[in-house]
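Working notes, beginning with the structure itself.
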Amino acid sequence: MDMKLEVVVVPVADVDRAKSFYTGLGWRLDADIATPGDFRVVQVTPPGSPASVIFGTSVTSQEPGSAQGLHLVVDDIDAAHDELSRLGAGPSEVFHDAGGVFHHAGTAARVPGADPQRRSYGSFLSFSDPDGNGWVLQEVTTRLPGRLDPSATAFASTADLAAALRRAAVAHGEHEARLGAEDPDWPDWYADYLVREQAGSELPA
C-alpha cells in the first residue's frame, strides 16, 4: 500500500501573519476555512511540492515555533538563496556540514559555503517563519539509487522538468562530442536520461 506524505502541520501564534509570510514566498494558498468555535485551517503548498503545510487555530497542540528541521528540496541552492532573500525570508548563508552526511541540529558543525564537490544532498541553507518554525533547504540534483521508482517518472512542476532537461542537454552535448556526430535519436536519449536520473540509476554515456 502506498503511503504518501500529504500534509505537515506547523504551529503558529498569528494565523494571518503566517499566511502572509508563506504566500509571500510564492506558496500556493489551497484553503482558508474557518468554522464556528474558533477553528480555522489554512493550507499552503510550496512550489512544486506534492505535500502541503497546514496551520491555523486549534489544529495542533504544539507550541508556536516548535517545528524544526522541516525540509524542502531544491536543485540550485544558490538560486534558492537569492530568491528567498528577495522575498524577505532572511535565509542563512549556504552551508555544508562538517560531517558530510546530512546536517547537525541547529547551527552546529556548519561550514560556510556549498559542499566543496557540490555533491547532491550536500549543500543547505535555513530560514525561519515569523514564529520561529525552522526550515532547511537541501540541494538535490541526482537521487541515490532506489530512491524513486523508474516506472513512475514524474516532475512536480514545469520548472523542475525544465531544469532536468537542461541537465540532459549538457550531458547529451558531451555524448554527441564522443560520437563525433549528431545523434538523430536524441529524444530517446533524453527520455532515458531523465528516467535514469530521477531513479538514481547509472546515467547513459
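The values are calculated or read from the model by the stated rules, or taken from the named source; none is laboratory data. All figures in this text were calculated on a predicted structure; none of them were measured in a lab. A quick note on method: Cβ atoms are made from the backbone with ideal geometry, for glycine too, and the neighbour counts reach across all protein chains shown. Each accessible area value is taken on the protein alone, full model and side chains, heavy atoms only, with ligands, DNA and RNA left out. Shrake-Rupley method; radii C 1.70, N 1.55, O 1.52, S 1.80 Å.
Segment 87-123 to segment 1-39: how many Å between their Cα centroids? Cα centroid to Cα centroid, the span is 27 Å. Going 7 Å from the Cα of Ala154 toward and past its Cβ, which residues in segment 1-17 have a backbone nitrogen under 13 Å from where you end up? It comes to 2-6, nothing else.
Ordered from highest to lowest accessible area with the whole protein assembly present and a 1.4 Å probe, Lys4, Lys19 read as Lys4, Lys19. Compared with the dominant Cα axis of the chain, that is its longest principal axis, helix 77-86 is turned about 40°. Of all beta bridges that DSSP places with both ends in segment 1-138, some 75 percent have antiparallel geometry. Given a 1.4 Å probe and the protein chains as shown, His104 ends up with an accessible area of around 90 Å².
Val8's amide H: which non-local residues (gap 5+, or another chain) put their own amide H closer than 5 Å, with H modeled 1.01 Å from N in plane and none for Pro or chain starts? It is Ser52, Val53, Ile54, by chain and number.
Just to verify a number: FRET efficiency for Leu161 and Val7, C-beta to C-beta distance, R0 = 22 Å, to 0.05? Intermediate results must be reported in sequence, preceding the final value.
Details: r = 25 Å, r/R0 = 1.11.
Once the sixth-power term is evaluated, E becomes 0.35.
Ligands, DNA and RNA are left out, and with a 1.4 angstrom probe the accessible area of segment 69-128 is 53 Å² per residue. Qualifying GluC sites (Glu not before Pro) in segment 56-141, where qualification requires a DSSP coil assignment and no more than 15 other C-beta atoms within 10 Å, comprise Glu93. Taking 0.36 nm per residue of separation and subtracting the Cα-Cα distance, full extension of the segment from Leu87 to Ser120 would add 9.3 nm. Give the label of the value calculated from the structure for percent of Cα pairs over 33 Å apart, choosing from (i) 18; (ii) 25; (iii) 9. Correct label, based on the coordinates given: (ii). Ranked by the mean number of other Cβ atoms within 10 Å per residue, highest first, peptides 21-34, 189-202 order as 189-202, 21-34. Scanning residues 5 or more positions from His71 or on other chains, those with amide H under 5 Å from its amide H are Val136, with H placed 1.01 Å from N in the peptide plane.
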